[in-house]
Each structure stands twice: as structure tokens, then as C-alpha cells.
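Just below is one structure, and these are the notes that go with it.
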Amino acid sequence: MRNILMTVMMMIVMALLFTNIINNGTTGMRTNIQTKGDSANTDINALRAGS
């Protein structure tokens with residue numbers, strides 16, 4: 001019983017960490033990666049247009 005409780009608690013902690021770090025609105029890692037990817041695409045397109 002104790003092992004099941006610890007497993008469930010660890011899964012809840014992991015879900016909360018994922019939500020707060022990865023998926024956190026405008027400050028989350030997902031948004032930062034999307035912003036950097038868009039910036040890289042813009043730079044690459046500008047290089048392609050210049051040649």
C-alpha cells in the first residue's frame with residue numbers, strides 16, 4: 001500500500017513540475033522554444049531572400 005501511495009505522489013509531483021516548467025503560459029519552456037524557432041525561421045528566410 002505504501003509503495004502505491006509513493007508512486008501516486010511522485011506522479012502528481014512530476015505532473016506539477018511539468019505544468020510549471022514546460023507549460024507555464026508566456027514564461028514556460030514551450031513558449032521560449034517556439035519564440036526562438038520562429039526567430040530562427042525568420043533569419044533563415046532572410047538569408048535565403050538575400051541570395
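Checking T35, T26 one by one, the residue that is polar (S, T, N, Q) and exposed (fewer than 10 other Cβ atoms within 10 Å of the Cβ) is T26 and no other. For A46, the criteria (1) in a loop (DSSP other than H, G, I, E, B); (2) more than 18 Å from the chain's Cα centre (by Cα) hold in every case but one, which is (1). None of L47, L5 is at pLDDT below 95 and of a type in the set (A, V, I, L, M) except L47.
The values are calculated or read from the model by the stated rules, or taken from the named source; none is laboratory data. Quick caveat, the model's predicted, so the values are computed rather than measured. All Cβ positions, even for glycine, are placed from backbone atoms using ideal geometry, and neighbour counts span all protein chains on display.
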